[in-house]
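Throughout, read-outs are computed from the coordinates displayed, never taken from laboratory work. Keep in mind that what you see is a predicted model, and the values were worked out from it rather than measured. Neighbour counts run over all protein chains shown; Cβ positions are idealised from the backbone, glycine included.
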Amino acid sequence: MRIGAHVDSTDPLGAATARDADTVQFFLTDPQAWKDPSPRADAEALRASDVDVYIHAPYRINVATLNNRIRIPSRKLLMSHAKGAADVGAKGLIVHGGHVDKVEDIATGFDNWRKAFEYAAKEGGFATPVLIENTAGGDNACARRFDALARLWDAIGDFEPGFCLDTCHAHAGGEDLLTAVDRIKAITGRIDLIHANDSKDDFDSGRDRHDNLGSGRIDPELVVAVVRAAGAPVVVETPGGVDGQAADITFLRDRVGR
Ligand SMILES: [Zn+2]
């Protein structure tokens, strides 16, 4: 089982070594910025490395929204980050499922997702597989509740997108973790990556605050069960720097093996 962590973008390979990680995830730009990635000096080293690389897209991206001034740049930013991710040999580009505003019809959000994939296909396709991640909050989110996820996949399944399951987001989003993997696979047919995080908040709180495994409100053995059932690579997005994340990686490895 490949297990690693979300790390700072300055020196991802150094950060992987410090944590004894098999996988790393990082941002190519400030996650709050609307910015295309720049070429990285360590691109060749990242491509050649035994460490599996995943890139997290900026948080600003929301291809579902009805707001043109966010939706159109979001499509372009997703394309440019897929290209930047390919340059470093990434196996996937993780992007949040997005949402529409309270008063808006979520059906339009699903349709906008389809349009984002159509736009990408017209431009030659995403350079890196896009993995859509479930989110914790919002009443009009495309990938918080799995009934919405099913409708999203009805709209975009033909494009064969990937899926990233975040355990904190599922718990805080109000979805039972014990059955989550089976229910997601019934919808998407796949889980490409697990974000193994504990949650500081209660089930169905809608809040997105990650914690170290066993330190929050999720039974850590439930996270282990999800990792086992999914059989996908793992990234912990937990606090505590090298020590906190290395402990989370060790906790999982001790239970699921290497
Ligand atoms: Zn996540």
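If you build the convex hull over the alpha carbons only and average its shadow over all orientations, what do you get for the chain? Give it in nm² to one decimal.
12.2 nm²
Taking the alpha-carbon distance from LYS35 and a cut-off under 19 Å, which lysines remain once sequence neighbours fewer than 8 residues away in the same chain are dropped?
Straight-distance partners of LYS35: LYS76, LYS83.
For region 173-258, which GluC sites (Glu not before Pro) are both in a DSSP coil and crowded by at most 14 other Cβ atoms within 10 Å?
Passing sites in region 173-258 do not exist.
List the chymotrypsin sites (Phe, Trp or Tyr not before Pro) in region 29-94 that DSSP assigns to loop (not H, G, I, E or B) and whose Cβ has at most 15 other Cβ atoms within 10 Å. Which are they?
Here the chymotrypsin sites (Phe, Trp or Tyr not before Pro) that fit, given the DSSP loop and packing criteria, are TRP34, TYR59.
For the chain, what is the calculated [θ] at 222 nm in deg cm²/dmol (nearest 500), taking -39500 (n - 2.57) for each run of four or more DSSP H residues and dividing by its residue count?
The helix-only estimate for the chain comes to -12500 deg cm²/dmol at 222 nm.
As a footprinting exposure proxy, order LYS35, LYS91 by other Cβ within 10 Å, with the fewest listed first.
Fewest to most other Cβ atoms nearby, the residues stand as LYS35, LYS91.
Alpha carbons only, please: Rg and Dmax for region 3-66, in angstrom.
12.9, 43
Relative contact order, percent, of the chain when contacts are C-alpha pairs under 8 Å separated by at least 6 residues?
It comes to 18 percent, rounded to a whole number.
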